[in-house]
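Peer 1: Once you've had a glance at the structure underneath, I'll fire off some questions.
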Amino acid sequence: MGRPREFSDHAVVDAAMEVFWEKGYEAATTQDLCDRTGLGRGSLYNAFGSKHRLYEEAIRRYAATRADAQLAILADPEAGSVRERLRELMLGVIEADMADPGRRGCLALNAATEPSGRTEAVAALVRRQFADLEQAICHLVTLGQRTGELPADRAPLQVARTFQSAYYGLRVLAKVTDDRNALLDVMEGALAAL
């Protein structure tokens, strides 16, 4: 019988998520992961099998924490009208991205654009996050069109995909600019295009 684990998988994955988020898959070394998680190489590999498997777990954890919190904003009728919820989504990421000294952006978007760590498993995890956001936005657009808050002259899915593209463009732009007004312009333009 092996020794019982003396660490929390969630705490280890949270720490690894921060490393991958800060450095990306390729630049994150096993030593970085050991330093941040507090585990030795043997324990890390015994628990997760490989750096890539830990990366996949980190992306799952990001979806379960950060991405799910954004989806909750969109699903909460107490958060206001359709436009107010979409504005809150974008304002939230503007504030978070501008406050982040490392300008890490969105881990899922980073994973989608970093070729070295992108396997089919990683691509599937990222696609799932993108699809979940698209579905939540599409649901809101449908609601807004049904209530008359939004024009009903375009298909809700098309509107959602256009808005989502602006959202992810905003996340990329926030990684490289200190101009909060430029980010707000992107947000207002996306909302006006609804």
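The values are calculated or read from the model by the stated rules, or taken from the named source; none is laboratory data. A quick note: this is a predicted structure, and the numbers were derived from the prediction, not measured. Reconstructed Cβ throughout: ideal geometry from the backbone, glycine too, with neighbour counts over all protein chains shown. These accessible areas exclude ligands, DNA and RNA; they are computed on the full protein's heavy atoms, side chains included. Shrake-Rupley method; radii C 1.70, N 1.55, O 1.52, S 1.80 Å.
Peer 1: Please return the ranges of helices (runs of 4 or more DSSP H) entirely within the stretch 100-191 where 2 or more residues are open to solvent by 50 Å² or more (accessible area, probe 1.4 Å). Please lay out each step first, then the result.
Peer 2: Details: elements: 107-113, 120-147, 156-174.
Helices (runs of 4 or more DSSP H) meeting the threshold: 120-147, 156-174.
Peer 1: Out of the residues in the stretch 43-74 that are of a type in the set (S, T, N, Q) and closer than 15 Å to A11 by Cβ, which is modelled with the highest pLDDT?
Peer 2: Checking each candidate, the answer is T65.
Peer 1: From the list R154, R171, R146, which one is under 30 Å from H52 (Cα atoms) and of a type in the set (K, R)?
Peer 2: R171
Peer 1: Just give me the residues in the stretch 76-99 being part of a loop (DSSP other than H, G, I, E, B) and touching a residue at least 60 places away in the same chain (Cβ under 8 Å), in sequence order.
Peer 2: Scanning the stretch 76-99 gives a single hit, S81.
Peer 1: Residue check, R87 against (1) more than 30 Å from Q145 (Cβ to Cβ); (2) in contact with a Leu (Cβ under 8 Å, 6 or more places away or on another chain); (3) open to solvent by 60 Å² or more (accessible area, probe 1.4 Å), all met but one. Which one?
Peer 2: Every listed condition holds for R87 apart from (1).
Peer 1: Let me ask you something else. Could you look through the stretch 18-73, keep only residues that are open to solvent by 60 Å² or more (accessible area, probe 1.4 Å) and among the acidic types (D, E), and pick out the one that is farthest from the chain's Cα centre (by Cα)?
Peer 2: That would be D35.
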